[in-house]
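Let me begin by presenting the structure, written as structure tokens, before commenting on it.
The values are calculated or read from the model by the stated rules, or taken from the named source; none is laboratory data. Note that the structure is a prediction, hence the values are computed from the model and not measured. A quick note on method: Cβ atoms are made from the backbone with ideal geometry, for glycine too, and the neighbour counts reach across all protein chains shown. Accessible surface is based on the protein model in full, side chains and every heavy atom, while ligands, DNA and RNA are left aside. Shrake-Rupley method; radii C 1.70, N 1.55, O 1.52, S 1.80 Å.
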Amino acid sequence: MPRATLHLRPPDPRQSVALFAQIANAIADHIRAGRLACGDVLPGSRSLARELGVDRDTVIAAYTDLEAQGFITTVPRTGSVVASVVASVVADLPRATRSPPGGRARRGFARQLGFALDPGPQISAAPPHPANAIVLAAGVPDLRLVPSELIARAYRRAMRRHPEAALGYTTAPTGHVRLRTALAQLVRESRGIPASADDVMITRGSQMALDLTARAIVRPGDVVCVEALGYRPSWGTMERAGGRLIGVPVDAGGIDVDALARICERTAVRLVYVTPHHQYPTTAVLTAGRRAQLLALARAHRFAILEDDYDHEFHYEGRPVLPLATTDPDGVVIYIGTLSKILAPGLRLGFVVAPRPLIERLARERYLVDRQGDHALELAIAELIEDDELGRHTRKMRRIYHSRRDALVEALRDALGDRLSFHVPTGGIALWAEAPGVDADRWCKRAAERGVVFQPGSVFCLTPARLAAVRFGYAASTEAELRLAVRRLAQCI
């Protein structure tokens, strides 16, 4: 039987792909493109090896790989033959889906999706910013100050002392009990929340905590009330769970609980998501009267309160206001915290404190998508909490961020005092300012061109709107960087 003629380029030893795989891929492309038909006999291994300048074993390995993939089959006394199933399927493919000559010049397998797919959630990712820009956005900590060596040493000790606990499967999707115990003590002592380890669940960041809570509580069609200026990713989790969002106004005293009460009179509310310690993004602190009113409203209308306390550690004037969860005798508050602002967001460590029936439900939700967390990391962070290393680092960062807040406030008053109006935040790591008469979105774009990145108020609106307000995060920049950033902002307003 005549053998097919292959026009193959010799394999390139400089590529990261093995020589036999290059040969196999080239022959497979010929079959996909229809240049080799069902029953075509491939050249013998010796002749193809001579033609390509490789040893015979390389060609045999290529043929073996093709046979394993189902492209060819071995026929006694004939040799390697193009398989009938593959050839017939390829022949029926629309011409546009076949590989072009030299198919692998296009990297990877670019294939059309052969089934229906809904668009999925819309993600408003921040545009890339210029290299070396001063970033006043997102409220992230200064990663240059992360105690990475402390964390690394604790991580190594956890791996060495507890290898099975750190590296094996567990039956605890709530997280390692040692970190849950340490966090329970932390929230009892620093926030007054009466919690034990069984009331705590560790998550991969606060976003996972938000998602799991939404899955556990929100049913399709349920009304979820959120602050009308707020955190977009949290809204997305509620909507994906089937929630129908209703925005509640915010002002200098936090969420307007009277407006929320009027909503409750009109419709059944399932969940209320709030950021009472420092309202996101305005940094307003929910007043004592509204706190009591909100808890009473939840008790009367039997809705859950999801309290996101994303930056509790950073308070500069007086004592920090205690969480809603501290005075929650009726078990209506689900408290979410994070270690991202203290340490680094890349560590992905958040936690939930809630009544145990809900913790058990969250654990079942979590088991389906992430059987357990990073127990090695959890053991390491537990050690840092137990030894007060985390506490010392937090106190250090509180002093630094306090100074940076003051530097930003002074620079804004000196350079933009006639254009911006703001209250000095009592805590947190960001400042909210109103800019009457200023196109904040346009200002944001012009500032990025000059190497300063910040967020205009419009990105925090529940419904599309242009807002004459801006948010500046100050934790990630030194005092000198903040002063330079403000000078550039003044030049382009």
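Structure above, values below:
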quantity	calculated
Test: residue in the stretch 330-342 that is over 27 Å from Ala154 (Cβ atoms) and open to solvent by 70 Å² or more (accessible area, probe 1.4 Å)	yes
Leading residue by the ranking (nearest to the chain's Cα centre (by Cα)) among those in the stretch 12-32 that are farther than 15 Å from Ile60 by Cβ and in a helix (DSSP H, G or I)	Asn25
Selection count, the stretch 128-155, where residues are open to solvent by 50 Å² or more (accessible area, probe 1.4 Å) and either without any contact (Cβ under 8 Å) to a residue 24 or more places away in the chain or touching a Leu at 6+ places or on another chain (Cβ under 6 Å) (or both)	6
Residues satisfying the stated conditions in the stretch 21-32, i.e. open to solvent by less than 20 Å² (accessible area, probe 1.4 Å) and in contact with a Ser or Thr (Cβ under 8 Å, 6 or more places away or on another chain)	Ile23, Asp29
Top-ranked residue of the stretch 368-389 - restricted to ones that are charged (D, E, K, R) and not in a loop (DSSP other than H, G, I, E, B), ranked as surrounded by the fewest Cβ atoms within 10 Å (Cβ to Cβ)	Glu386
Residue within the stretch 181-197 that is in a helix (DSSP H, G or I), buried (at least 18 other Cβ atoms within 10 Å of the Cβ), modelled with pLDDT of 95 or more and under 23 Å from the mean Cα position of the chain (by Cα) present	yes
Residue within the stretch 163-176 that is within 10 Å of His375 (Cα to Cα), of a type outside the set (Gly, Ala, Ser) and in contact with a Leu (Cβ under 7 Å, 6 or more places away or on another chain) present	yes
The lone exception for Asp414 - which of (1) within 26 Å of the chain's Cα centre (by Cα); (2) under 30 Å from Gln491 (Cβ atoms) it fails	(1)
Some residue of the stretch 399-409 being farther than 19 Å from Arg319 by Cα and of a type in the set (Val, Ile, Thr)	yes
Selection status of Pro425, open to solvent by less than 30 Å² (accessible area, probe 1.4 Å), at pLDDT below 95 and outside any strand (DSSP E or B)	yes
Every pair of residues 6+ apart whose Cβ atoms lie under 6 Å, when the first sits in the stretch 269-293 and is within 22 Å of Ala137 (Cβ to Cβ) while the second is open to solvent by 10 Å² or more (accessible area, probe 1.4 Å) and hydroxyl-bearing (Ser, Thr, Tyr)	Tyr280/Tyr231
Selected residue [surrounded by 14 or more Cβ atoms within 10 Å (Cβ to Cβ), touching a Lys or Arg at 6+ places or on another chain (Cβ under 6 Å) and part of a helix (DSSP H, G or I)] from Glu365, Glu410	Glu365
Identity of the residue in the stretch 156-180, more than 21 Å from Ser206 (Cα to Cα) and part of a loop (DSSP other than H, G, I, E, B), that ends up most open to solvent (accessible area, probe 1.4 Å)	Tyr169
So Glu434, is it acidic (Asp, Glu), under 30 Å from Val248 (Cα atoms) and open to solvent by 40 Å² or more (accessible area, probe 1.4 Å)	yes
Leu358 among the hydrophobic types (A, V, I, L, M, F, W, C) and either in contact with a Phe, Trp or Tyr (Cβ under 7 Å, 6 or more places away or on another chain) or open to solvent by less than 10 Å² (accessible area, probe 1.4 Å) (or both)	no
Number of positions in the stretch 198-210 that are assigned to a helix (DSSP H, G or I), under 26 Å from Pro233 (Cβ atoms) and open to solvent by 10 Å² or more (accessible area, probe 1.4 Å)	4
Pair list, Cβ under 7 Å, 6 or more apart: the stretch 68-82 residue more than 12 Å from Ile31 (Cβ to Cβ) and touching a residue at least 40 places away in the same chain (Cβ under 8 Å), other residue assigned to a strand (DSSP E or B) and of a type in the set (A, V, I, L, M)	Thr78/Val41; Gly79/Val41
Number of positions in the stretch 303-338 that are touching an Asp or Glu at 6+ places or on another chain (Cβ under 9 Å) and among the aliphatic types (A, V, I, L, M)	6
Residue, nearest to the chain's Cα centre (by Cα), within the stretch 40-53, restricted to residues that are open to solvent by less than 30 Å² (accessible area, probe 1.4 Å) and not hydroxyl-bearing (Ser, Thr, Tyr)	Leu52
Residues that are assigned to a helix (DSSP H, G or I) and either open to solvent by 30 Å² or more (accessible area, probe 1.4 Å) or of a type in the set (Lys, Arg) (or both), drawn from the stretch 449-474	Glu449, Val459
